[in-house]
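*Asks:* I'd like to ask some things about the structure below.
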Amino acid sequence: MDYVSTRGSAPSLDFAGATLAGLASDGGLYVPREWPSFSTAEIAAMAGLPYAELAQRIMQPFVGDSLTPEKLLELTTAAYGRFAHKAVTPLEQFDEQHWLLELFHGPTLAFKDVALQLLGLLFEEFLGRGDQNLTIVGATSGDTGSAAIDAVAGRAKVDIFMLHPKGRVSDVQRRQMTTVLAPNVHNIAIEDATFDDAQAIVKRMFNDAAMTSRFNIGAVNSINWARLMAQVVYYFAAGLQLGAPHRPVAFSVPTGNFGDVFAGYVAAKMGLPIAKLIVATNVNDILHRALSTGDYSQGTVTPTAAPSMDIQVSSNFERLLFDVGGRDGLALAAQMHGFEASKAMQLTNAQREGAASLFASRRADTDDMSQAIRWAWENCAELIDPHTAIGLHAARVADLPRDVPIVTLATAHPAKFPDAVERATGQRPELPARVGDLFDREERCVDLPGDYDAIAEYVAAHAVPKI
Ligand SMILES: Cc1ncc(COP(=O)(O)O)c(C=O)c1O
Ligand SMILES: N[C@@H](CCOP(=O)(O)O)C(=O)O
């Protein structure tokens, strides 16, 4: 399998190359040249497989010759062996139509662990084959940061610089990053910034020759294809439990950077029957506007109780626009450059129509979110986090036939956002024992202004140059 850039001019790479490269050199995102697909019989034969084996089967076509099936299975077994639930991503029934896919049983309590536990091992495997090291530069609105840090802390040949918008992540999220004191971990809180600012700085660094000539810059954000690939697996896991491939299932996905829901799109391309992918946003609703009216224009980011989704530039939307718009990389590059310059863009008819067949979208405000948390508590005795609640709200107002099961992706553990959960239910969720004494640990983090040069200078001063 080889990978091409959504902007049409970067060299194509194999899976190992795309994993280490992160962002393509033309500013685009890597996608597989074509979608592998499974027959109905092949999908049916996956029912009941342990998660690590299912993951190997689903991912092998993407990995190609970069890893043998035995090696990939060894890595998935190690990655998912760290999860606190045997099923890895268990499915809970809410009522006749609604299900919750719990993606927060990993070490840092959010869905990011599903991909990042594997990505840490992939880095180690691929870097071990040569003599390069990797300088990971990432942006986080809270969850990617802790999951990536957990996955690479203390590993040889890797340094990680994680940028978060100062004051815009929850206390639990911040401490999950800043209390990891391994020498290869560097936390940077950016003053007066949003996640979008942090993400723009990261992308700029990938295309800054002064940095890329000295350092192998790598990505842990969902711009890295390997992140999305690993997330495809749980769509299959849930679908198979609910009757796939013989019965279509819908998914409601709390969305910010469009990575998680794009993984659902990939699952559909691979043959999983998906009735609808519901894109659930908070009031930072660029994706809801784009999908419902074609208007992809960057609004101001409003801080919400679901801070991980306070995003107004959704990286992975570019992957969808590329695929549904006819895979014309040069045309998309022009469209994306226009967006970067003007902060606004209209989807083409082909892009709108291509997206409309599978995607629907809903926007939830603070009241919708709180009501969904309360509904889950009062009707199902489940505490759910604000991001999951936005997905659940969207699922409950989606206009789908009663016989289509709707799976809401539960993307974070409620204890990551205890204040919002307590406000809605009067119950304060407790941190699971596996995160230990988080509030007693020492923190380490530097504050920097939201200025590209200051951050590049800091990275350059602390990173290990290319070997
Ligand atoms: C808890 C949580 N839910 C939902 C999302 C949105 O996922 P995505 O950015 O893949 O759309 C994020 C962050 O990305 C998150 O951390
Ligand atoms: N919500 C994310 C934002 C980064 O998204 P990513 O999926 O591209 O890494 C976070 O928690 O950091």
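The values are calculated or read from the model by the stated rules, or taken from the named source; none is laboratory data. Remember, predicted model here, so these are calculated numbers, not experimental data. Cβ placement follows ideal geometry from the backbone for every residue including glycine, while neighbour counts extend to all protein chains displayed. Surface accessibility is based on the protein's heavy atoms, side chains included, excluding ligands, DNA and RNA. Shrake-Rupley method; radii C 1.70, N 1.55, O 1.52, S 1.80 Å.
*Asks:* Longest segment of the chain with no GluC sites (Glu not before Pro) in a DSSP loop having at most 15 other Cβ atoms within 10 Å? The partial results should precede the final answer.
*Replies:* On the way: sites that count: Glu34, Glu96, Glu430, Glu442, Glu443.
Segment 97-429 is the longest.
*Asks:* Sorted by packing (mean other beta-carbon atoms within 10 Å per residue), highest first, where do 171-178, 9-16, 111-118, 58-65 land? It would help to have the intermediate numbers written out before the result.
*Replies:* Working: 171-178: 21.9, 9-16: 17.0, 111-118: 28.5, 58-65: 18.9.
Top to bottom by mean Cβ count within 10 Å: 111-118, 171-178, 58-65, 9-16.
*Asks:* Here's another thing I want to ask about it. Using the Cα centre as the reference, give the magnitude of the dipole from point charges on the C-beta atoms of the chain (Lys, Arg: +1; Asp, Glu: -1; all else neutral), rounded to the nearest 20 debye.
*Replies:* In debye, rounded to 20, the chain gives about 520.
*Asks:* Just subtract the alpha-carbon distance of Arg247 and Thr77 from 0.36 nm times their residue separation and send over the number in nm, one decimal.
*Replies:* 58.3 nm
*Asks:* Sort 138-151, 279-292, 208-221 by the packing proxy (mean of other Cβ within 10 Å over each peptide's residues), most packed first.
*Replies:* Values: 138-151: 27.8, 279-292: 24.4, 208-221: 18.7.
Packing order, densest peptide first, comes out as 138-151, 279-292, 208-221.
*Asks:* At 7 Å along the Cα-to-beta-carbon direction for both Ala331 and Ser25, put a label point, then send me their distance in nm to one decimal.
*Replies:* A separation of 2.7 nm, rounded to one decimal place.
*Asks:* Suppose each label sits 7 Å from its Cα in the direction of the beta carbon; what would the Thr40-Thr293 distance come out to in nanometres?
*Replies:* Roughly 4.2 nm, to one decimal.
*Asks:* Next question. Where a ≥ b ≥ c are the square roots of the eigenvalues of the C-alpha gyration tensor, would you call the chain rounded, which needs a/c under 1.5, or, failing that, prolate if a/b is larger than b/c, or oblate? Let's see the in-between values first.
*Replies:* Details: a/c = 1.25, a/b = 1.14, b/c = 1.10.
Rounded, because the longest to shortest axis ratio a/c is under 1.5.
*Asks:* Counting other Cβ atoms within 10 Å of each Cβ, which trypsin sites (Lys or Arg not before Pro) in the range 25-80 have at most 15 and sit in a DSSP loop? Display every interim value, and only then the final one.
*Replies:* Working: sites: Arg33, Arg57, Lys71; in loops: Arg33.
Filter output for the range 25-80: Arg33.
*Asks:* Quick one: order Asp26, Asp419 from most to least accessible surface, probe 1.4 Å.
*Replies:* Numbers: Asp26 30, Asp419 85 Å².
Descending order: Asp419, Asp26.
*Asks:* Taking R0 as 51 Å, what FRET efficiency do you get between Leu400 and Asp437 from their Cβ-Cβ distance, rounded to the nearest 0.05?
*Replies:* Details: r = 44 Å, r/R0 = 0.87.
The pair Leu400/Asp437 has a calculated efficiency of 0.70.
*Asks:* For Gln56, what charge total do you get from the other residues with a beta carbon under 11 Å from its beta carbon, if Lys and Arg give +1 and Asp and Glu give -1?
*Replies:* Numbers: positive: Arg57, Lys71; negative: Glu53, Glu70, Glu74.
Local net charge: -1.
*Asks:* Keeping the other protein chains in place, figure out the carbon and sulfur percent of the accessible area of the chain, with a 1.4 Å probe. Provide the component values of the computation, followed by the final result.
*Replies:* Values: 8020 of 16620 Å².
C and S atoms contribute 48 percent here.
*Asks:* Next question, about the same structure. Can you pull out the trypsin sites (Lys or Arg not before Pro) in the range 375-456 whose DSSP state is coil and whose Cβ has at most 12 other Cβ atoms within 10 Å? Please list the in-between numbers first.
*Replies:* Values: sites: Arg396, Arg402, Lys416, Arg423, Arg434, Arg441, Arg444; in loops: Arg402, Arg441, Arg444.
Loop-located and lightly packed - Arg402.
*Asks:* With a 1.4 Å probe and every protein chain left in place, work out the accessible area per residue of the range 71-204 in Å², rounded to a whole number. Before the final figure, lay out the partial values.
*Replies:* Numbers: 4150 Å² over 134 residues.
I get 31 Å² per residue for this part.
*Asks:* Testing the spin-label approximation: label points 7 Å from Cα along Cα→Cβ at Lys343 and Ala356. State their distance in nm.
*Replies:* It works out to 2.9 nm between the two label points.
*Asks:* Let me ask you something else. Let me have the 222 nm mean residue ellipticity of the chain computed from DSSP H runs of 4+ only, each contributing -39500 (n - 2.57), with the sum over all residues rounded to the nearest 500.
*Replies:* -13000 deg cm²/dmol
*Asks:* Something else: How much length, in nm to one decimal, is gained on full extension between Thr212 and Leu181, taken as 0.36 nm per residue of separation minus their Cα-Cα distance?
*Replies:* Numbers: separation 31, 0.36 × 31 = 11.16 nm, distance 2.63 nm.
Full extension from Thr212 to Leu181 adds 8.5 nm.
*Asks:* If you average the C-alpha positions of the range 341-390 and of the range 304-324 separately, how far apart do those two centres end up, in angstrom?
*Replies:* 12
*Asks:* If you find the alpha carbon centre of the range 116-130 and of the range 188-264, how far apart are they in angstrom?
*Replies:* 17
*Asks:* Now for a separate question. Can you put His413, His387 in order of accessible area, largest first, using a 1.4 Å probe? Intermediate results must be reported in sequence, preceding the final value.
*Replies:* On the way: His413 30, His387 5 Å².
Largest to smallest exposure gives the sequence His413, His387.
*Asks:* Please work out the average accessible area per residue across the range 332-462, using the 1.4 Å probe convention, and give it in Å². Show your work: numbers first, answer last.
*Replies:* Working: 6390 Å² over 131 residues.
With the other protein chains kept in place, the range 332-462 gives 49 Å² per residue.
*Asks:* Starting from 0.36 nm per residue, how many nanometres of slack lie between Ala84 and Ile467 once their C-alpha separation is accounted for? Walk me through the intermediate numbers first.
*Replies:* Numbers: separation 383, 0.36 × 383 = 137.88 nm, distance 3.77 nm.
134.1 nm is the gain from fully extending Ala84 to Ile467.
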